[in-house]
Every structure is written in structure tokens, then in C-alpha cells.
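The values are calculated or read from the model by the stated rules, or taken from the named source; none is laboratory data. Because the structure is a prediction, the values reported are computed rather than measured. Glycine also receives a Cβ, built like all others from the backbone with ideal geometry; neighbour counts cover every protein chain displayed. For accessibility, only protein heavy atoms count, side chains too; no ligands or nucleic acids. Shrake-Rupley method; radii C 1.70, N 1.55, O 1.52, S 1.80 Å.
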Amino acid sequence: MDSFRKPIYLERSVDGSSVYKVATMPGLRARFLWSITLVGVSVGILLLAPGRPGTTLRAQQQDPLAEPFKGVTTDGTVRPGLFSLRSTGVTTAPLRTSTEAFLAALTEEQRKRTVFPVDDNEWRLWNNVHRYNRQGVSFEEMTESQREAGFGLMRAALSEKGFRTARDIMRLNGHLGELLPERAAEYGEFPYFLTVMGTPSATEPWGWQLDGHHLIVNTFVLGDQLVMSPVFMGSEPVVATSGKYAGARVFDAEEARGLALMRALRPDQRSKAVIETEKVRNNAMAQAFRDNLVLDYAGLRGNALDEAQRRLLLALIGEYVGHMRDGHAAVRMDEVRQHLDETYFAWIGGSGPDDAFYYRVQSPVILIEFDHQLPVALPGPRVPGRIHIHTVVRTPNGNDYGKDLLRQHYERHRGDAAHGHAH
């Protein structure tokens, strides 16, 4: 019973009617969500499990692994033939060597809890909330040399901009602890966890995941192909003006690019792009445990844009794709351009200098969400604001985590005893 005397941390739903908690059951890696309705009719239970206290989640009321992975779709059906095994001509050798160096820097015990099979469901158990029972090895526990090796792993896959954004998110999480000294133990610059999936290889599939508050990067590698999604980046606050982390700042470009495109639309185009005029709640839908999200297209279609507006749309998408290392970002943008006519831009809220808003870019091969969120940690009115931002990037139609490429790889080598692993 001692575990039930530990602090209990709860988080309300957007409308304030429910409280959610994820409990990690002893002996299991899956996280289960339970809820209790505080007003109206009770629809669930609140489980207070022994172990690490305060693991919270506002998400689906179900086991995130209850359904096999399908991927984000518009109608529940995966559109086939969008992704293929091929050579990109862009080397992934730096990713492989940096990950090998990181693993070599760990102790044997750390490696055992950091490495998972390439097709393990651990890929899908990421979560952007800060109280969550994560796997792998954290930067917090690493020695200085191990930490530098971990950053080296990140640098090899991310662009300079992507790495700077990731590090500033981590710094702003530390700044949040400065702003809330009574809760400083909950936040910090380094409680971010790395896991490696599979064995770094020039020919076999593998990858890695970074998982922590407001920062999740999934990186899958197969030959010279690179899939970086889902990627979640967020922060509360989005700028540090004082303290140890003064100068850290994120999402200026993502915010400005969205506004630039919205303001460039003609009135008739804007009437199609705006799907809700009032921004009164959190609107992002493709966050944690939404691997099988069904989300139909909405807003203004790309083939309705003129050339200048199409350039603005590509520049907006490029802000997110540009978190990847440059060569593979160019490959990804070529993929995006092939589907630009069927790419939709949707908007919620206003477009004034201080307005909170949400936008979504969605095509068969990319889904981007930008959302001004309600305050969670910091005080303030319960309305969305520019001090708290969430962004999500996914690869729809089955290729988040590189799963469609992995499926094709397994099919190509099924029954090939010389290939080196069973399928």
C-alpha cells in the first residue's frame, strides 16, 4: 500500500470533465490509459498503479497497441504504392557510424535496456507529456562523454536547424523548471531518452528514437533511405528571456510561414481554407498513440493555388522537412512535390498579429500540424495562446517509422535463408 501514498498527478481533459492517468503495469511495457468522469456519468476508472508516480496522458482511452499498426489514412484504407525500396543516392553512413559510437560509449547494462528489435512495438509507445515511463537511456544519467555521443547521433540525422531546434526544446524544458521552482524536479534539460532499434547496418533496417517532453524524433534507416516520422516538437514556453537558458527560442519560422501563406490567400480561397473561425481549444490530432488516425482532407487544395502561393506552401512544408539532414530533406521534398496538387491546407482561428491559430498540411505522403495550445504548466487564462505550441509531422498511408519500407523489405527477402534474419 505504500505506493498509493506517493504523489498522484492528474491532468484534466480539454473541457475539464475528465482526468486521465497512464499506469505502467508491473512486468509489462505497454502503457494503459484509464479515466474517470468528474461530472456527468462515469465512463471509466482511474487506476493508481504501483511504481513510478505521476505518469499522465491526455489521449485515447485504450491500450495504444490494441490495434495493429495501419498508419494515418483519410478513410481507414491505406493508399498503396506511395513508397518504394530504392536508392536515394544520399549516404546514411554518418548515421550508422555515429550510432555505433553512441552504443560503444554505453555500459553493457545501458545497452541492454537501450537496444530493441527493429520491428519492436516500442517504436509506437512514445509520448509528448513529461510524466511518462520511458525506455532506453536518458541524457540525464549519461556521463559527459556519453552525452556528446548521444548528441552526435542526433546531429548525424538532423540538419543544423533540426538539431538546434531539438536542443532549444530541451533547454526550454529546463527553463520551465526555472519558472516553476516548486516543480523543478519535474522538468529539466536532460530527461530525454534514446533507444536504438535493430543493429546499425549498411543494408539491413534499423533506426533510433528520441523520446521526452515536447520532443520525439523517430528515425528509420534502410540502405540509403531515411524516414523521419513521427516527429513531435513543442514547447511551453517557446522563448526564454531570462535565466540559464536565455535566448532559447523555437517555432518563429513555423508560425510565420503559416501566417504568410494564410495572408496570401484571396478571400474565396480563405473561405475554403478556414474550417473553424474560432480557436477555443487544442486542435492537434496526430499526437501520441494516434498511429491509426483517420483524418479526411479539409481546407484548400493545392491545385487551387497560384504559383506564388504554391511556393509559400512548399516553403512552409520545408520548415518541417528541413529538420532532416540536408540530402534526405531534398529527397523528401521531391516526394512532397509529386503530390502538391492533392495537398490540402486547413486553418482554424484568426490571422492577426496576436491571434492563436491551428493549421494543417495534409497530402498522401505528409501530414503536418501546428497548434497554439491551452496553457498546461504555466499560469494564464484557459485559452489557446502563442506561449505553448505543438507541432507534429507524420508520413500517412503506412510509412510512419518506415513501416511500409520495412514490410517491403521483409517481403522481398521472405524465405531467403542467406539474408540473415527470419521474417
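Quick notes on this structure:
- From the list Gly420, Gly380, Gly322, the one residue that fits, being of a type in the set (Gly, Ala, Ser) and modelled with pLDDT of 95 or more, is Gly322.
- Boolean, Thr219 is β-branched (Val, Ile, Thr) and open to solvent by 10 Å² or more (accessible area, probe 1.4 Å): no
- Of the residues making up the stretch 308-315, one or more are under 27 Å from Gly402 (Cα atoms), outside any strand (DSSP E or B), at pLDDT 95 or above and open to solvent by less than 20 Å² (accessible area, probe 1.4 Å).
- Scanning the stretch 271-291 for residues that are of a type outside the set (A, V, I, L, M, F, W, C), surrounded by fewer than 16 Cβ atoms within 10 Å (Cβ to Cβ) and in contact (Cβ under 8 Å) with a residue 40 or more places away in the chain returns Glu276, Thr277, Glu278.
- Look at the stretch 354-367: where a residue is without any contact (Cβ under 8 Å) to a residue 40 or more places away in the chain and a partner is in a loop (DSSP other than H, G, I, E, B), sitting 6+ places away or on another chain with Cβ atoms under 8 Å, you get Asp354/Arg386.
- Selection count, the stretch 226-266, where residues are of a type in the set (S, T, N, Q) and either open to solvent by 20 Å² or more (accessible area, probe 1.4 Å) or in contact with a Pro (Cβ under 8 Å, 6 or more places away or on another chain) (or both): 2
- Remark: pairs (first residue in the stretch 304-321, within 15 Å of Leu265 (Cα to Cα); second residue assigned to a helix (DSSP H, G or I) and polar (S, T, N, Q); Cβ separation under 7 Å; 6+ apart in sequence or on different chains) = Ala304/Gln269.
- Given (1) within 26 Å of Thr77 (Cα to Cα); (2) modelled with pLDDT of 95 or more; (3) out of contact with any strand residue (DSSP E or B) (no Cβ under 9 Å at 6 or more places or on another chain), number of the condition Ala346 does not satisfy: (3)
- Within the stretch 392-414, the set of residues being farther than 11 Å from Pro230 by Cβ and among the acidic types (Asp, Glu) comprises Asp404, Glu411.
- Screening Phe116, Phe193 for residues that are closer than 29 Å to Thr395 by Cα, under 19 Å from the mean Cα position of the chain (by Cα) and open to solvent by 20 Å² or more (accessible area, probe 1.4 Å) leaves exactly one candidate, Phe193.
- Meets criteria (charged (D, E, K, R), touching a residue at least 40 places away in the same chain (Cβ under 8 Å) and either under 20 Å from Ala248 (Cβ atoms) or not in a helix (DSSP H, G or I) (or both)) for Arg147: yes
- Count - residues of the stretch 150-162 that are more than 16 Å from Asn218 (Cβ to Cβ) and either open to solvent by 20 Å² or more (accessible area, probe 1.4 Å) or in contact with a Pro (Cβ under 6 Å, 6 or more places away or on another chain) (or both): 4
- Inside the stretch 227-273, residues that are assigned to a strand (DSSP E or B), within 17 Å of Leu367 (Cα to Cα) and not hydroxyl-bearing (Ser, Thr, Tyr) make up a count of 7.
- Test: residue in the stretch 168-184 that is modelled with pLDDT of 95 or more, open to solvent by 10 Å² or more (accessible area, probe 1.4 Å), in contact with a Pro (Cβ under 6 Å, 6 or more places away or on another chain) and of a type outside the set (Ser, Thr, Tyr): no
- Residue in the stretch 119-138 that is most open to solvent (accessible area, probe 1.4 Å), counting only those that are closer than 24 Å to Ala93 by Cα and in contact with a helix residue (DSSP H, G or I) (Cβ under 7 Å, 6 or more places away or on another chain): Asp119
- Out of Asn282, Asn303, Asn292, one residue alone is touching a Gly at 6+ places or on another chain (Cβ under 8 Å) and among the polar types (S, T, N, Q). It is Asn292.
- In this entry, Pro364 is excluded by the filter for residues that are modelled with pLDDT of 95 or more, over 23 Å from Pro267 (Cα atoms) and out of contact with any helix residue (DSSP H, G or I) (no Cβ under 7 Å at 6 or more places or on another chain).
- Filter pass, Asp296 being modelled with pLDDT of 95 or more and closer than 18 Å to Ser363 by Cβ: yes
- Considering Ala264, Ala286, Ala298, the condition of being under 28 Å from Met170 (Cβ atoms) and of a type in the set (A, V, I, L, M) is satisfied by Ala286 alone.
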